Amino acid sequence: MKYKEVSTLRLSMMAFSGWGLRWRGLFDNEQGEWWLLSQVSIIAAHLLPSWPSPMNLGFAWPKVAENIGLSLFLFGVILSMRAFLHLGSSLSPLPDPKAGATLKTLGAYSKCRHPLYQSLLISSLGISIWLGSLFHLSLLICLCFVLKGKARREERRLKELHPEYTQYLANTPAFFAGMPFLDWRV
C-alpha cells in the first residue's frame, strides 16, 4: 500500500472511533441513543417493498418518476459522502458531539448545519419517488421528525461546547433554507 492510501485508511478508522456507543445507553438515553435507534430503524425500513405499489393501484409508475427518484437518491448518497469527509474524526452517530470534536462550519457545513441529515432526507425522498410508495413517503415524514429532534439536541450541546455556534446557528439553515419545519434559525 502507498503512504497516501494508508493515511486515508487511518483517517477513516479514526472517524469511526470514540463514538461512545454502549448498551446501557439504550436504556438511559444518556447520549441520545434513542434518537439514533429511531433513525436507524426508519432508514432500515426503507429496504421494505413499496406499499401500496403503483401496480396494486392499477397503474404503471412513470419511468421519468423512477429516474428522478433514483437520481435524487444517488445525489443524497453523494452529498452524504461529501459531508462525511468534511466531518472527519468529529463524526458521531449520536447527537451528543464527541469529546474534543472541532466545530465544522466550512465546506459542506457552510450551506447547511446538518448536511448528513439533509442527505438522508434527500435520499429518502428519492426512494419515495423512485418506488411511488406512500409507505416510503410516510418514512420520509417520520425521518424529518426524528432528524429534527436529533439535530435540536445536538445543537443544544454544541452551543454549550462552542460559544461561536450561536452565530453560526443564526446564519446557516438547519436542513433546507426557507422550509420552516426544516430551517429553524434563531
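Quick look at the values:
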{"read-out": "Acute angle (nearest 10 degrees) that the helix 63-87 long axis makes with the longest principal axis of the chain, alpha-carbon atoms", "value": "10"}
{"read-out": "Cα gyration tensor category, rounded, prolate or oblate, for the stretch 67-125 with a/c compared to 1.5", "value": "prolate"}
{"read-out": "Magnitude of the charge dipole, the chain, Cβ model with Lys/Arg +1 and Asp/Glu -1, debye to 20", "value": "360"}
{"read-out": "Cα-projected label distance for Lys63 with Phe145, points at 7 Å along beta-carbon direction, nm", "value": "3.9"}
{"read-out": "Helix-only [θ]222 nm of the chain, DSSP H runs n ≥ 4, -39500 (n - 2.57) each, per residue, nearest 500", "value": "-19000 deg cm²/dmol"}
{"read-out": "Value of relative contact order over the chain, rounded to a whole percent, pairs C-alpha under 8 Å and six or more apart", "value": "27"}
{"read-out": "Prolate/oblate/rounded call for the chain, Cα gyration tensor, a/c under 1.5 rounded", "value": "prolate"}
{"read-out": "Cα-centred dipole magnitude for the stretch 54-132, charges only on beta-carbon of K, R (+1) and D, E (-1), debye, nearest 20", "value": "240"}
{"read-out": "Between helix 115-131 and the chain: long-axis angle, C-alpha atoms, 0 to 90°, nearest 10", "value": "10"}
{"read-out": "Distribution of pairwise C-alpha distances over the stretch 90-186, 10 Å bins, in %", "value": "16, 47, 28, 9, 1"}
{"read-out": "0 to 90° range, to nearest 10: angle between helix 3-15 axis and the chain longest Cα axis", "value": "80"}
{"read-out": "Length gained when the stretch Ser53-Leu106 is fully extended (0.36 nm per residue, less Cα-Cα span)", "value": "14.9 nm"}
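No lab work stands behind these numbers, since they all come straight from the coordinates. Remember, predicted model here, so these are calculated numbers, not experimental data. All Cβ positions, even for glycine, are placed from backbone atoms using ideal geometry, and neighbour counts span all protein chains on display.
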